[in-house]
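Since the structure comes first, as structure tokens, the remarks are kept for the end.
The values are calculated or read from the model by the stated rules, or taken from the named source; none is laboratory data. Please read all numbers here as calculations on a predicted model, not as lab measurements. Cβ placement follows ideal geometry from the backbone for every residue including glycine, while neighbour counts extend to all protein chains displayed.
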Amino acid sequence: MSALGNIIKKELRELMTPSTFVPIIIIAILFGSLGNAIGSIEEELEEKPIIGYIDTDNSNLSQIATFILEVNADVVFNSSDLNEKEIGIEELKEKDGIALLVIPSNFSENILNNKSGDLEIYWIMKGAGVFDSLSSSAVDYLITIINKNISYELISTNTSVNATIALTPTSRDDTTYFKGRVLVGVSPNDVAGVLSSQSTIIPIVMMMIIIMAGSIVISSMALEKENKTLETLLTLPVKRVSIVAGKIIASAIIGLILAIIYIIGFSYYMTSFQFSGPVSLISLGLVLSTGDFLILGLSVFVTLIAALSLCMFLGTMAKNFKSAQTLTFPVTILALIPMFMTMFKDFDTLPLALKGFLFAIPFSHPMMAPRALIFDDYMLVLSGIIYVLIFSIIMIFIVVYIFKTDRLLTGSIKKKKVLNLKEQKKR
Amino acid sequence: MGVVEVRNLVKHYGTIEAVKGISFSVEKGEIFGLIGPNGAGKTTTLRIISTLLTITSGSIKIMNYDLQKEPDEVRKIISYLPEDAGAYKNLTGKRYLEFIANFFEKNNLQQMVAKGEEIADLGDRINDKVDTYSKGMMRKLLVGRALMINPKLAILDEPTSGLDVNNAQEIRRLIKSTAKDGTTILLSSHNMLEVEFLCNRIALISDGVIIEEGTPKNLMEKYNAKNVEEVFTKVVK
């Protein structure tokens with residue numbers, strides 16, 4: 001074999017290890033599952049929006065509107081009686097509908113008298129993720145078509161209305177039903193708009209804290225091995241559980257400082273956009289109380305403990321500082337998955353399997369907590385805290401168990417290597 | 001009853017039999033040497049006695065404490081110096097000694113640290129970060145760490161590894177005086193002159209089995225050898 005071939009063979013042997021391939025396989029699986037999730041959203045968008053309408057005007061112009069709705073949407077409720085509004089909303093909620101459009105009795109009269117024809121839209125909003133507001137955009141588009149068609153009708157029939165009304169004959173009066181609240185004068189896009197920055201920045205910050213604190217622990221374990229200090233530490237009169245707890249607590253203190261910085265930044269951040277934009281969160285009652293901030297802090301803290309105990313477990317496998325860098329990868333992936341999922345979709349609007357998957361990842365919970373707390377979904381947040389706490393305790397027990405075994409110092413010995421050693425001894 | 005009582009010790013790593021039923025005992029104040037070729041099972045035996053590795057079968061008692069049942073008690077009376085040990089690089093030598101002393105002595109901590117400093121004999125460099133130490137300085141610091149706590153049993157794996165002749169001699173002298181003060185020493189070494197100079201008794205271990213045991217003098221007579229190195233080459237073929 002040539003020298004080049006010899007070097008290539010050696011390099012390939014060194015590189016063809018599980019640590020090289022496992023991260024790529026995980027990424028492939030991650031992209032595959034994200035692709036499936038996005039695929040289901042595309043299917044959702046291709047379907048006609050489910051709506052209902054009440055036409056109390058029953059005029060030529062209102063019939064243009066209802067005709068467009070019948071053709072372009074899946075109408076599951078229609079009526080001409082305004083008193084059936086609540087029935088319609090309930091029916092739409094049951095049938096996964098998006099909006100109920102109410103055409104008031106003075107709709108065409110107003111337009112013909114140079115006033116905007118008011119369209120009352122009662123939105124049933126399911127989530128505030130980036131992808132969640134796409135379905136309401138489909139109804140927005142229908143309203144644009146209605147507007148254009150009524151405008152075309154007014155112009156083509158030479159109706160004597162002024163140019164402004166002829167070009168924009170309708171106006172909107174939005175009311176949004178979201179997570180048990182009735183937000184008057186607000187559309188789903190408005191709500192998604194004010195919550196969108198929160199949907200993107202919070203998961204990113206949380207992911208960064210988890211990765212930073214996690215890599216501290218993994219590196220700490222790796223350095224103990226690389227600097228040959230672990231053996232001495234393990235022969236000192238200190239219980240294994242104290243060593244594990246000491247490392248976790250020290251890193252958790254650093255993590256807690258990071259969490260406090262995060263919470264302070266977040267509270268200022270919340271304050272700053274409570275008064276900005278087209279919608280005031282205060283006026284809608286969408287603010288976090290002091291208690292909510294404490295629960296959020298608790299969620300962040302227990303998640304840090306979970307992250308650190310998981311990283312301690314990974315750290316026990318680290319042979320040196322270099323391998324520690326590879327071992328931070330699974331933690332990064334586990335932080336990235338909920339980050340993307342909470343950015344794009346609301347927990348409530350996910351399919352059941354993905355809900356279970358997201359809930360099972362301990363790092364998801366502080367990312368989902370702020371929005372859940374705003375909408376008083378304490379069940380999700382508190383059950384998440386309990387789950388993450390149980391996860392942490394189990395991980396710590398596993399790590400302490402590993403500390404009591406030979407594995408920490410000797411690692412695993414492969415059968416093939418054992419056979420080779422036996423053969424060598426026989427010779 | 002000796003300080004160390006090892007009975008039929010067996011250690012498996014998976015299907016590899018590293019130690020195959022060895023027995024020996026070490027008396028108080030004795031310096032006992034485990035010698036043998038690479039891979040014979042010396043370090044494994046020392047690591048087991050240091051509570052680092054679990055026992056597959058057999059039993060070990062240290063000062064009457066059962067190693068398997070009372071490892072925490074054993075850790076209070078032993079001190080282990082691994083062959084390739086290190087120290088925390090961000091600490092100064094003195095802070096490292098204080099860190100270790102804190103596990104043993106709360107009241108006379110400074111006295112213990114002062115003893116460690118004296119053994120390490122690093123002068124003002126004791127206040128420098130460990131990161132800046134040479135291999136020899138690091139070894140001296142670690143020997144200081146191992147002996148400053150006045151252990152009942154000091155387990156030293158290649159204690160003079162990495163030291164120059166002068167420093168190695170100084171450490172050997174220190175080990176002898178520590179044993180005279182009542183500390184029992186269990187050591188392993190590849191340096192046969194060191195073993196001959198230091199040890200009251202030695203055990204030759206090969207392929208996980210003790211094949212010879214006795215005082216250096218008796219073994220030299222038995223094998224008609226001029227020194228322990230010759231005994232070694234005759235016994236371990």
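Some values worked out for this structure:
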item: Subset of region A:56-73 [more than 15 Å from A:P104 (Cβ to Cβ) and assigned to a helix (DSSP H, G or I)]; result: A:N60, A:I64, A:F67, A:I68, A:L69, A:E70, A:V71, A:N72
item: Residue count for region B:85-126, restricted to those that are among the hydroxyl-bearing types (S, T, Y) and under 23 Å from the mean Cα position of the chain (by Cα); result: 2
item: One residue from A:A73, A:A99 being surrounded by 23 or more Cβ atoms within 10 Å (Cβ to Cβ), outside the structural domain of A:F344 (by TED's automatic domain parsing) and in contact (Cβ under 8 Å) with a residue 40 or more places away in the chain; result: A:A99
item: Hits in region A:76-96 - residues which are touching a residue at least 24 places away in the same chain (Cβ under 8 Å) and farther than 21 Å from A:S136 by Cα; result: A:S79, A:S80, A:D81, A:L82, A:E84
item: Any hit, region A:236-255, residues being assigned to a helix (DSSP H, G or I), touching a Pro at 6+ places or on another chain (Cβ under 9 Å) and at pLDDT below 85; result: no
item: Some residue of region A:124-145 being assigned to a strand (DSSP E or B) and surrounded by 16 or more Cβ atoms within 10 Å (Cβ to Cβ); result: yes
item: Residues satisfying the stated conditions in region B:216-237, i.e. surrounded by 15 or more Cβ atoms within 10 Å (Cβ to Cβ), assigned to a helix (DSSP H, G or I) and touching a strand residue (DSSP E or B) at 6+ places or on another chain (Cβ under 8 Å); result: B:P216, B:L219, B:V228, B:V231, B:F232, B:V235
item: Matching residues, region B:1-42, being over 25 Å from B:L174 (Cβ atoms) and among the hydroxyl-bearing types (S, T, Y); result: B:Y13, B:T15, B:S23
item: Residue ID - farthest from the chain's Cα centre (by Cα), chosen from residues in region B:48-82 that are facing chain A (nearest Cβ under 9 Å) and assigned to a loop (DSSP other than H, G, I, E, B); result: B:T54
item: Residue in region B:69-83 that is of a type outside the set (D, E, K, R) and surrounded by fewer than 16 Cβ atoms within 10 Å (Cβ to Cβ) present; result: no
item: Residue check, A:N113 touching a Ser or Thr at 6+ places or on another chain (Cβ under 6 Å) and free of Cβ contacts under 8 Å to residues at least 24 places away in the same chain; result: no
item: Of the criteria (1) more than 17 Å from the chain's Cα centre (by Cα); (2) assigned to a helix (DSSP H, G or I); (3) not small (G, A, S), which one B:K20 fails; result: (2)
item: Filtered residues of region B:92-101 (kept if hydrophobic (A, V, I, L, M, F, W, C) and facing chain A (nearest Cβ under 10 Å)); result: B:F99, B:I100
item: Condition check for A:E120: closer than 30 Å to A:V287 by Cβ and either in a helix (DSSP H, G or I) or in contact (Cβ under 8 Å) with a residue 12 or more places away in the chain (or both); result: yes
item: B:L198 crowded, with 23+ Cβ neighbours inside 10 Å, touching a Phe, Trp or Tyr at 6+ places or on another chain (Cβ under 8 Å) and within 20 Å of B:L34 (Cβ to Cβ); result: no
item: Residue in region A:343-364 that is more than 15 Å from the chain's Cα centre (by Cα), surrounded by fewer than 16 Cβ atoms within 10 Å (Cβ to Cβ) and under 20 Å from A:P203 (Cα atoms) present; result: no
item: Test result for B:T15, surrounded by fewer than 23 Cβ atoms within 10 Å (Cβ to Cβ), modelled with pLDDT of 90 or more and within 12 Å of chain A (Cβ to nearest Cβ); result: no
item: Residue within region A:228-240 that is within 14 Å of another protein chain (Cβ to nearest Cβ), out of contact with any helix residue (DSSP H, G or I) (no Cβ under 7 Å at 6 or more places or on another chain), aliphatic (A, V, I, L, M) and free of Cβ contacts under 8 Å to residues at least 24 places away in the same chain present; result: yes
item: Filter pass, B:N227 being closer than 22 Å to B:E30 by Cα, more than 14 Å from chain A (Cβ to nearest Cβ), in contact with a Ser or Thr (Cβ under 7 Å, 6 or more places away or on another chain) and not charged (D, E, K, R); result: no
item: Any hit, region A:398-413, residues being farther than 24 Å from A:L236 by Cα, in contact with a Ser or Thr (Cβ under 9 Å, 6 or more places away or on another chain) and either more than 12 Å from chain B (Cβ to nearest Cβ) or modelled with pLDDT under 85 (or both); result: yes
item: Which numbered condition A:M206 fails, given (1) modelled with pLDDT under 85; (2) within 14 Å of chain B (Cβ to nearest Cβ); result: (2)
item: Leading residue by the ranking (nearest to B:G208 (Cα to Cα)) among those in region B:29-44 that are in contact with a Gly (Cβ under 9 Å, 6 or more places away or on another chain) and away from every other protein chain (no Cβ under 14 Å); result: B:K42
item: Residues located in region A:359-381, provided they are in a helix (DSSP H, G or I) and farther than 13 Å from A:M339 by Cα; result: A:A360, A:P370, A:R371, A:A372, A:L373, A:I374, A:Y378, A:M379, A:L380, A:V381
item: Residue that is farthest from the other protein chains (Cβ to nearest Cβ), among those in region B:102-121 that are of a type in the set (D, E) and touching a residue at least 40 places away in the same chain (Cβ under 8 Å); result: B:D121
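For every residue, the table says whether it meets (1) hydrophobic (A, V, I, L, M, F, W, C); (2) free of Cβ contacts under 8 Å to residues at least 24 places away in the same chain; (3) within 16 Å of A:S299 (Cα to Cα).
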| site | (1), (2), (3) |
| --- | --- |
| A:H365 | no, no, yes |
| A:M368 | yes, no, yes |
| A:I374 | yes, no, yes |
| A:Y378 | no, no, yes |
| A:I385 | yes, no, yes |
| A:S392 | no, no, yes |
| A:F397 | yes, yes, no |
| A:I402 | yes, no, no |
| A:T405 | no, yes, no |
